[in-house]
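The values are calculated or read from the model by the stated rules, or taken from the named source; none is laboratory data. Since we're looking at a predicted model, the values are computed, not measured. Using ideal geometry, Cβ is built from the backbone for each residue, glycine included, and neighbour counts are taken over all protein chains shown. To get the accessible areas, we keep the full protein, side chains included, count just its heavy atoms, and leave off ligands, DNA and RNA. Shrake-Rupley method; radii C 1.70, N 1.55, O 1.52, S 1.80 Å.
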Amino acid sequence: AQSVTQLDSQVPVFEEAPVELRCNYSSSVSVYLFWYVQYPNQGLQLLLKYLSGSTLVKGINGFEAEFNKSQTSFHLRKPSVHISDTAEYFCAVIGAAGNKLTFGGGTRVLVKP
Amino acid sequence: DTAVSQTPKYLVTQMGNDKSIKCEQNLGHDTMYWYKQDSKKFLKIMFSYNNKELIINETVPNRFSPKSPDKAHLNLHINSLELGDSAVYFCASSQDNSYRAPKFFGPGTRLTVL
């Protein structure tokens, strides 16, 4: 079974500053990793995913994440945030042969002007 | 032009009642899901359908019954509602089932059982 830990429940950040959201997972097998974003009053949508290949994955809206197998991490980054990036961000993992996506508890990003 | 829509958005009901939540996606996706989000915001898969066939059925009470009349719709019916069923329920969809992760979620249905 997999588990996901998002270490920060809330991250305040100023507009145009960089942001990093931390995600660590535990699994005894190969995994696929995902980040989702939930804007206020909307459903979640897939931001980016790591399935295989290059460990640096680029997603929508200027976000990127790096898969680090040795540290079992998949941290999400953006070099310069906008007010519109205010949202809840969820990390998720699934075993490559599994069928159940496991989510972290979410990180709320609040971008301040 | 909403991608995944759910109705109702809010549902307040008494214990013991039966209720349904409807979900529709207009993306042409083959796979649809139901997730439950608890009070600590953790999302857990309940069911998944691929082309109207049930492919994931997690350990949920059999009071919960999904129904997929066609691949654009996946409804959730709940019998004999209990206090512990209070949560936010999300419908979701993806193009296929290859990596078993949704691409889009609906806005959620907040169910409150009194």
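Laid out as a table, the results:
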item: Residue among A:100, A:78 that is closer than 30 Å to residue B:7 by Cα and of a type outside the set (A, V, I, L, M); result: A:100
item: Test: residue in region B:1-10 that is closer than 30 Å to residue A:5 by Cβ and not in a loop (DSSP other than H, G, I, E, B); result: yes
item: Of all residues making up region A:79-88, the number that are in contact with an Asp or Glu (Cβ under 7 Å, 6 or more places away or on another chain) and either closer than 13 Å to residue A:40 by Cα or open to solvent by 10 Å² or more (accessible area, probe 1.4 Å) (or both); result: 3
item: Hits in region B:43-89 - residues which are hydrophobic (A, V, I, L, M, F, W, C), at pLDDT 90 or above and more than 24 Å from residue A:51 (Cα to Cα); result: B:64, B:72, B:74, B:76, B:78, B:81, B:83, B:87, B:88
item: Strands (runs of 3 or more DSSP E) contained entirely in region B:16-114, each with at least 3 residues that are open to solvent by less than 70 Å² (accessible area, probe 1.4 Å); result: B:19-25, B:31-37, B:43-50, B:64-70, B:73-78, B:87-94, B:109-113
item: Any hit, region A:49-69, residues being touching a residue at least 40 places away in the same chain (Cβ under 8 Å) and in contact with a Ser or Thr (Cβ under 6 Å, 6 or more places away or on another chain); result: no
item: Residue check, residue A:62 within 23 Å of residue B:102 (Cβ to Cβ), open to solvent by less than 70 Å² (accessible area, probe 1.4 Å), under 14 Å from the mean Cα position of the chain (by Cα) and more than 14 Å from chain B (Cβ to nearest Cβ); result: yes
item: Region A:96-111, residues that are open to solvent by 80 Å² or more (accessible area, probe 1.4 Å) and either more than 9 Å from chain B (Cβ to nearest Cβ) or in a strand (DSSP E or B) (or both); result: A:97, A:108
item: Flag for residue B:8 being modelled with pLDDT of 95 or more and open to solvent by less than 70 Å² (accessible area, probe 1.4 Å); result: yes
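A quick yes/no check of all residues on (1) under 27 Å from residue B:33 (Cα atoms); (2) modelled with pLDDT of 95 or more:
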site	(1), (2)
A:1	yes, no
A:10	no, yes
A:15	no, yes
A:26	yes, no
A:49	yes, no
A:71	no, no
A:77	no, yes
A:83	no, yes
A:91	yes, yes
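Table: residues versus (1) of a type in the set (Asp, Glu); (2) away from chain A (no Cβ under 13 Å).
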| residue | (1), (2) |
| --- | --- |
| B:58 | yes, no |
| B:64 | no, yes |
| B:73 | no, yes |
| B:84 | no, yes |
| B:87 | no, yes |
| B:90 | no, no |
| B:101 | no, no |
| B:108 | no, no |
| B:113 | no, yes |
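For (1) within 14 Å of another protein chain (Cβ to nearest Cβ); (2) of a type outside the set (Lys, Arg); (3) surrounded by fewer than 20 Cβ atoms within 10 Å (Cβ to Cβ), each residue gets a yes or a no:
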residue	(1), (2), (3)
A:27	no, yes, yes
A:45	yes, yes, yes
A:49	yes, no, yes
A:55	no, yes, yes
A:68	no, yes, yes
A:73	no, yes, yes
A:90	yes, yes, no
